[in-house]
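Reading through the structure tokens given below for one structure.
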Amino acid sequence: MDYEFLKIERQDGITVMKISAPKSLNALNSTILKEIDTFVSGLDSTTRVLIITGDGEKSFVAGADISEMAHLNEPQGFEFGKLGAQVFRKIETLPIPVIAAVNGFALGGGCELAMACDIRIASSKAKFGQPEVGLGIIPGFSGTYRLPKLVGQGYAKEMIYTGKVIRADEALRIGLVNAVYEPEELMYKALEMAAMMLKNAPVAIRLAKQSINEGYDLDADGAIALENKLFGQCFVTKDQKEGMDAFLNKRKADFIGE
Ligand code: CO8
């Protein structure tokens, strides 16, 4: 399928989704959000790791499209926020790892998109921020929910109330990103991380993601019980038999994703 605003590249089990709206620094309008929705909804088992990045050298995503938002009334604002929130939730709950390779500005909805991914790595030129209050709105694609989870309430509130833009090294310091690389290294590092994941059992990764994501919002007993249940489920998979047999026979495991 052809997209107006997405460039898709596939190699082995890795798919790279590049958001490409050069005239607005890859800002997210509702057409782009719908294209992302269509794309992620159509992913099949041939994609085992998804990498999301921005086209060009300057921007990952410079936010939601301000020219589209400028004229919204309350119900339209509600619907626009809901669209973005639902698409990002779909990304967050994909049964595969999603890596954000943040190549430049990740502001507003761009920072929120990165936070919906499992892992964020950044170029040294990347910049992060939630500048919405300067536009008279609040983060609307689930930033008030995810940012405090990632960096703690104090720093999240500082970022959101001040709207300040932070550099990649500060994002690393507060735990918003896992690693910072030179711009020309970023995609190589994302692919390298994805390749490490490809060596492991896909069902186990899916269940680990489910355990972390769903367990995070439960109390201790609920989270531990959930992990216990999912751990048990691993033992019905062929990959568990294969992984342990390979270890015991000192050979490389050949996982089939079942
Ligand atoms: N929306 C629309 N257009 C944009 C956006 C955006 N978010 N960001 C940049 N652009 C456009 C500019 O208008 C400009 O267009 P033109 O060439 O036609 O004038 C072009 O991209 C290039 O931008 P600049 O000339 O401004 O480039 P600079 O290098 O000078 O500045 C910045 C880069 C700092 C990224 C600057 O463009 C900027 O501040 N952009 C806005 C960042 C921002 O505030 N983002 C948050 C938006 S709000 C949001 O994301 C809320 C999400 C939840 C919504 C819920 C809805 C209910």
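The values are calculated or read from the model by the stated rules, or taken from the named source; none is laboratory data. Fair warning: this is a prediction, and the values are worked out from it, not measured in the lab. Quick reminder, even Gly has a Cβ in these numbers, built from the backbone with ideal geometry, and neighbours come from all protein chains shown. Keep in mind that these areas ignore ligands, DNA and RNA; they rest on the heavy atoms of the full protein, side chains included. Shrake-Rupley method; radii C 1.70, N 1.55, O 1.52, S 1.80 Å.
Order the peptides 19-30, 127-138 from the highest to the lowest mean number of other Cβ atoms within 10 Å of their residues. It would help to have the intermediate numbers written out before the result.
Values: 19-30: 19.4, 127-138: 17.8.
Going from most to least packed, we get 19-30, 127-138.
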Q.
Taking amide H atoms as placed 1.01 Å from N in the peptide plane, list the residues 5 or more away in sequence, or in a different chain, whose amide H sits under 5 Å from that of ALA64.
A. LEU28, GLY109, GLY110
Q) Helix 74-92: angle to the longest alpha-carbon principal axis of the chain, degrees 0 to 90, nearest 10? A) 30 degrees
Q. Most mobile of ILE119, ILE166, ILE224 per a Gaussian network model of the chain (Cα springs, under 10 Å)?
A. ILE224
**Q.** Within straight-line cross-link reach of LYS164, lysines at Cα separation under 22 Å, skipping those fewer than 8 residues along the same chain
**A.** LYS58, LYS125, LYS127, LYS149
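May I ask you to list the GluC sites (Glu not before Pro) in the range 1-89 that are in a DSSP loop and have at most 15 other Cβ atoms within 10 Å of their Cβ?
Numbers: sites: GLU4, GLU9, GLU35, GLU57, GLU68, GLU79; in loops: GLU4, GLU57.
Counting only loop positions with at most 15 other Cβ atoms within 10 Å, the GluC sites (Glu not before Pro) in the range 1-89 are GLU4, GLU57.
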Q: Taking H placed 1.01 Å from N in the peptide plane, check which residues at least 5 places from PHE255 or on another chain put their amide H under 5 Å from its amide H.
A: none
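Ignoring ligands, DNA and RNA, what percent of the accessible area of the chain is carbon or sulfur (1.4 Å)? Write down the numbers at each step before the final one.
Values: 7540 of 13550 Å².
Carbon-and-sulfur percentage of accessible area, whole number: 56.
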(Q) Mean-square fluctuation check for the chain, GNM, Cα pairs under 10 Å: which of ALA204, ALA220, ALA195 is largest? (A) ALA220
Q.
With θ taken as phi - 60° and the coefficients 6.51, -1.76 and 1.60, list the Karplus ³J(HN,Hα) couplings across the range 171-181 in order, rounded to whole Hz; mark glycine and proline as x.
A. 4, 5, 4, 8, x, 6, 10, 7, 7, 10, 10
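Accessible area per residue for the range 72-225 in Å², computed with a 1.4 Å probe and the full protein assembly in place, what is it?
Working: 7350 Å² over 154 residues.
Result: 48 Å² of accessible area for each residue.
Ordering MET197, MET1 by accessible area with a probe of 1.4 Å, largest first, what comes out? List each step's numbers first, then the result.
Values: MET197 35, MET1 170 Å².
Highest to lowest solvent-accessible surface, that is MET1, MET197.
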Q.
Run the reach check for LYS34 against lysines, Cα to Cα strictly under 16 Å, same-chain hits fewer than 8 apart removed. What comes back?
A. LYS7, LYS18, LYS82, LYS90
Q: Go through the range 42-56 residue by residue and turn each phi into a ³J(HN,Hα) via Karplus (6.51, -1.76, 1.60, θ = phi - 60°); whole Hz please, and just put x for glycine and proline.
A: x, 5, 10, 5, 6, 9, 10, 9, 10, 10, 10, 8, x, 6, x
**Q.** Low-density loop positions, trypsin sites (Lys or Arg not before Pro), the range 203-258 - DSSP coil, at most 14 other Cβ in 10 Å
**A.** LYS250, ARG251, LYS252
Q) Under the definition of Cα pairs under 8 Å and six or more residues apart, what whole-number percent is the relative contact order of the chain? A) 15 percent
Q.
With n ≥ 4 as the cut-off for DSSP H runs, can you work out [θ] at 222 nm for the chain, using -39500 (n - 2.57) per run divided by the number of residues, rounded to the nearest 500?
A. -14500 deg cm²/dmol
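DSSP beta bridges in the chain, what fraction antiparallel, as a percent rounded to 5? Intermediate results must be reported in sequence, preceding the final value.
Numbers: 9 of 32 bridges.
Rounded to the nearest five, the antiparallel share is 30 percent.
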